[in-house]
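Accompanying notes for the structure given below.
Every number here is computed from the coordinates shown, using simple stated rules; none is lab data. The structure presented is a predicted model; accordingly, all values stated were derived computationally and were not measured. Note that we place each Cβ from the backbone using ideal geometry, even for glycine, and neighbour counts take in every protein chain shown.
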Amino acid sequence: MRGSEHALIVIDVQKDFCPGGALAVQDGDAIVAGINAQMAEFQTVVLTQDWHPVGHSSFASSHPGKAPYEVIEMPYGPQVLWPDHCIQGSDGAAFHSSLATDPAQMIVRKGFRPEIDSYSAFFENDHQTPTGLDGYLRTRSITKLTLVGLALDFCVNFSAVDGAHLGYKVEVDQTLCRAIDLDGSLEMARAGMKEAGVTLHG
Ligand code: VGL
Ligand code: ZN
């Protein structure tokens with residue numbers, strides 16, 4: 001059992017990121033049993049849930065003439081356009097049906113503002129608007145984080161880098177993550193995480 005200062009953060013293990021989902025990550029479901037097993041090792045478990053309104057600005061369908069995986073310039077910087085996914089209340093936004101959700105003490109929803117995406121569990125994509133997770137963890141005296149989930153090169157990566165910048169000791173268990181790997185995004189993500197001081201396991 002890890003110490004009370006160490007939390008497991010499970011990023012976006014939702015049906016839409018698993019095979020058959022709207023933004024399926026290859027083998028995204030292969031990590032679920034291992035994540036469930038890890039939960040028993042932590043006194044604090046947090047889940048995040050990508051949670052977009054219909055017509056969200058990160059959807060290619062919201063930008064006439066644009067296709068999924070194109071990149072556009074938003075007021076807060078470049079934004080990859082995605083297929084419609086994780087629509088609030090939809091089946092695809094639900095957690096994978098085998099994910100253990102009972103051990104979670106906190107569920108953080110993100111990406112709910114129509115005009116801005118939120119990859120990170122800590123800040124929206126302007127890198128300024130907080131989700132509230134930092135306050136939750138600080139007030140619970142948590143200083144160490146182990147991150148697992150989907151997708152390694154997007155939401156896990158952004159969460160890990162932000163967590164490290166906020167002063168947490170962050171490790172990512174890559175065996176319990178899967179990546180989208182768009183145009184070298186996985187290698188860039190690994191380099192960025194190392195640069196930020198994140199420990200990569202697996
Ligand atoms: C994610 C793309 C769009 C993720 C979420 O969870 O990594 N990726 N929304
Ligand atoms: Zn999303």
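Scanning segment 162-177 for residues that are surrounded by fewer than 24 Cβ atoms within 10 Å (Cβ to Cβ) and in a strand (DSSP E or B) yields a count of 5. Of all the residues in segment 97-123, those that are within 16 Å of ligand 2 (Cβ to nearest atom), surrounded by fewer than 21 Cβ atoms within 10 Å (Cβ to Cβ) and assigned to a loop (DSSP other than H, G, I, E, B) number 5.
Considering only segment 162-188, state which residues are among the acidic types (Asp, Glu) and free of Cβ contacts under 8 Å to residues at least 60 places away in the same chain.
Within segment 162-188, Asp162, Glu171, Asp181, Asp183, Glu187 qualify.
Taken over segment 178-198, the criterion of being under 18 Å from Asp12 (Cβ atoms) and outside any loop (DSSP other than H, G, I, E, B) is satisfied by Arg178, Ser185, Leu186, Ala189, Met193. For segment 35-62, the candidate set comprises residues that are assigned to a strand (DSSP E or B) and under 30 Å from Arg140 (Cβ atoms); within that set, the residue that is farthest from ligand 2 (Cβ to nearest atom) is Thr44.
What are the residues in segment 41-68 that are small (Gly, Ala, Ser) and away from ligand 1 (no atom under 11 Å from the Cβ), if any? The answer is Gly55, Ser57, Ala60, Ser61, Ser62, Gly65, Ala67. The residue list Ser90, Ser141 contains one member that is closer than 27 Å to Thr44 by Cβ and over 17 Å from the mean Cα position of the chain (by Cα), which is Ser141.
Against the conditions (1) over 30 Å from Ser62 (Cβ atoms); (2) within 17 Å of the chain's Cα centre (by Cα); (3) among the charged types (D, E, K, R), Asp162 satisfies every one except (1). Within segment 125-161, restricting attention to residues that are without any contact (Cβ under 8 Å) to a residue 24 or more places away in the chain and part of a loop (DSSP other than H, G, I, E, B), the residue that is nearest to ligand 1 (Cβ to nearest atom) is Thr131. Evaluation of Gly149 against the conditions (1) on the phi < 0 side of the Ramachandran plot; (2) crowded, with 22+ Cβ neighbours inside 10 Å shows that the sole unmet condition is (1). Residues in segment 63-77 include none that are within 11 Å of ligand 2 (Cβ to nearest atom) and out of contact with any Leu (no Cβ under 8 Å at 6 or more places or on another chain).
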